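Worksheet: the structure to be examined is printed underneath.
The values are calculated or read from the model by the stated rules, or taken from the named source; none is laboratory data. No experiment lies behind these values; they were computed from the predicted model shown. Note that each Cβ is placed from the backbone with ideal geometry, even for glycine, and that neighbours are counted across all protein chains shown. We work out accessible area using only protein heavy atoms, side chains counted, and drop any ligands, DNA or RNA first. Shrake-Rupley method; radii C 1.70, N 1.55, O 1.52, S 1.80 Å.
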Amino acid sequence: MARPGPHHIHCIDPRTGAEAGDVACTSLADIPALATRARMAQRSWAALSLAQRKKVVEAWKHTILARAGEVAALLVAEIGKPAAEAWSSEILTAGELFDGWLANIDDLLSPQPVELNPLNYPGKEVVVSAQPRGLIGMIMPWNYPFHLPLRTMVPALLAGNAVIWKPSEHAARVGALLGEIAASVLPADLLITVQGDGEQGVAVIDAGVDRVVFTGSVATGRKVALRAAALGVECSLELGSKDAAIVLKDAPLERTVNGLVWGAFHNAGQDCAAVERVYVERPLYEAFLQKVVETTKSLQPGVDIGPLITLAARSRVEQRIHDAVKAGATLHCGGVPWGEGFGLMPAVLSGVPEDSALMVEETFGPVMPILPFDREEEVVERVNSSPFGLCASVWTKDHRRGLALLDRLDVGSTFLNNCCFTGPMAMAAWSGRRHSGSGVTGSRWSLDGLTMPHTRVIDRSGAAKEMWWYPYTDAFTGMARGLVELGRRGGGKLQGIRLVLSGLLGRWKRSQ
Ligand code: NAD
């Protein structure tokens, strides 16, 4: 984590609050030239076959895995992640991400032939293929600083694009390592890393990129979208959320508690898909609350839960808890600092007013508010009334009831008896609704943002003229009418056939 200075990012270890070295910011004046270099590199990269690009990308994956220990150590030192999370939710997921794209990219990018009626379009072939957009500009957050940029970089490069990207100023060293590993394997300038804060972010948008991919907060996302729109550049946004869990009265207690305690507190709650609201059907409410508190108290700071990224982030979360308690909530555990750095013990609250900031705005910290509900209608309304809509989960042994409930939740991803974990998957779509953003990461849908469709027509008919070219003839009009007649429900089939045949005869005569 870090405070950006004019020319350097001053890194601070969130576990101790101590200085942890500087990273040089990229000069704003240099960014347009870097983008030009990336654009030049993209041309030769796109000219390679997909098989050749895959070979390079596979080598990139193996270089990452060979240096996994170094990456994990830096994730622990810079972000304060527990080692288990650095290895599982950043490095293991990164490897799987590469595998998923490498296994599926041929199918996903394969040209799609368009089916044509040979009577209307004799001798013609139409094929739609995906072409790279060109230069993708990425602006990234700090909370998953390794696997999250790769979610876009891997498919973007496989599809033939170049990338210019900016890691968060709070994850500058992980960003530098990711960029350095990529540069050691990829062709020169194909993936350019820019260091800095919002100023450098703006410069990336302004550098003439073909698409902006932004992941971060709603407030910054809106600025980015406005800037990109002013330049006529398309932009995808992956933003924050306020994800809810619905626990039904027959939920398997132990699994549900374990799942939601992890869902709320992994990455110290600093996850766009962290469970930030839990609604429990009244008959299970007391038992659930008690077991969550007991389980939460057993978490070990530094082993199970890391610190928050900055002192300011911790103070904001503490303030939210304080305000909720002042408004009548009960704090059952946590909410107090731990360690020398920016740690906060995971907090469980009940009785939090539904309109308090803790229930409405993204907390992005280790806090779980738990509220009871009586009727399904009411809980669906409470979940869907959030301006955010990334993920939601339902926990129950009754899968039919659970699935029916999931279908009513207006969010991008839903989970039955689980939560949060599909974000890094190459072939699962990750996308939000409303304030959670407009982008898609993962799956074939994400390729829409990284490629452009290109339609190619090849005519092998050799005829001197198409029927629809000048001069217009009665035979052509008759044939068009006949084809409409044949396609019309209840149309005159005999008349249609007669008109088409006389049109074909006319065409044949003219071609003699
Ligand atoms: P942030 O918005 O503060 O910063 C994100 C990036 O934007 C950083 O690199 C920052 O330097 C840059 N930036 C800042 N001002 C800019 C400007 N004016 N123009 C261009 N770039 C600018 O977010 P953060 O604190 O790094 O990340 C946390 C947020 O990200 C949370 O809200 C979280 O929910 C969200 N997030 C969403 C997803 C998702 O997939 N939906 C994933 C991870 C994080």
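Scanning the range 256-275 for residues that are over 19 Å from the mean Cα position of the chain (by Cα) and either open to solvent by less than 10 Å² (accessible area, probe 1.4 Å) or among the aliphatic types (A, V, I, L, M) (or both) turns up 256, 257, 260, 261, 264, 265, 268. Would you check if residue 367 is under 28 Å from residue 332 (Cα atoms), more than 13 Å from the chain's Cα centre (by Cα) and surrounded by 22 or more Cβ atoms within 10 Å (Cβ to Cβ)? Criteria met by residue 367. In the range 52-66, the residues that are in the same structural domain as residue 180 (by TED's automatic domain parsing) form Cβ pairs under 7 Å with partners that are open to solvent by 50 Å² or more (accessible area, probe 1.4 Å), at six or more places apart or across chains, as follows: 63/184.
Listed here are the residues, each with its yes/no results for (1) touching a residue at least 24 places away in the same chain (Cβ under 8 Å); (2) of a type in the set (Gly, Ala, Ser); (3) under 15 Å from residue 449 (Cβ atoms); (4) in contact with a strand residue (DSSP E or B) (Cβ under 7 Å, 6 or more places away or on another chain).
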position: 206; (1), (2), (3), (4): yes, no, no, no
position: 210; (1), (2), (3), (4): yes, no, yes, yes
position: 213; (1), (2), (3), (4): yes, no, yes, yes
position: 224; (1), (2), (3), (4): yes, no, yes, yes
position: 228; (1), (2), (3), (4): no, yes, yes, yes
position: 232; (1), (2), (3), (4): no, yes, no, no
position: 235; (1), (2), (3), (4): yes, no, yes, yes
position: 244; (1), (2), (3), (4): yes, yes, no, yes
position: 248; (1), (2), (3), (4): yes, no, no, yes
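Looking at the range 247-266, is at least one residue closer than 14 Å to residue 388 by Cα, of a type outside the set (D, E, K, R) and in contact with an Asp or Glu (Cβ under 9 Å, 6 or more places away or on another chain)? Looking for residues that are closer than 14 Å to residue 388 by Cα, of a type outside the set (D, E, K, R) and in contact with an Asp or Glu (Cβ under 9 Å, 6 or more places away or on another chain), one finds none in the range 247-266, hence no.
Candidates 219, 183: the one that is surrounded by fewer than 17 Cβ atoms within 10 Å (Cβ to Cβ), within 9 Å of the ligand (Cβ to nearest atom), at pLDDT 95 or above and closer than 25 Å to residue 7 by Cα is 219. Residues in the range 152-164: is at least one free of Cβ contacts under 8 Å to residues at least 24 places away in the same chain and within 15 Å of the ligand (Cβ to nearest atom)? Checked the range 152-164: no residue is free of Cβ contacts under 8 Å to residues at least 24 places away in the same chain and within 15 Å of the ligand (Cβ to nearest atom).
When 308, 299 are checked against the criterion of being modelled with pLDDT of 95 or more, under 25 Å from residue 417 (Cα atoms) and either touching a Phe, Trp or Tyr at 6+ places or on another chain (Cβ under 9 Å) or in a helix (DSSP H, G or I) (or both), a single residue qualifies: 299. A residue that is within 25 Å of residue 204 (Cα to Cα) and of a type in the set (Asp, Glu) occurs nowhere in the range 2-13. Picking from 362, 381, which residue would you name as being within 15 Å of the ligand (Cβ to nearest atom) and open to solvent by 30 Å² or more (accessible area, probe 1.4 Å)? Criteria check complete, one pass: 362.
Taken together, the criteria exclude residue 277 from residues that are at negative phi and part of a helix (DSSP H, G or I).
When residue 196 is tested against (1) crowded, with 24+ Cβ neighbours inside 10 Å; (2) more than 9 Å from the ligand (Cβ to nearest atom), exactly one condition is not met: (2).
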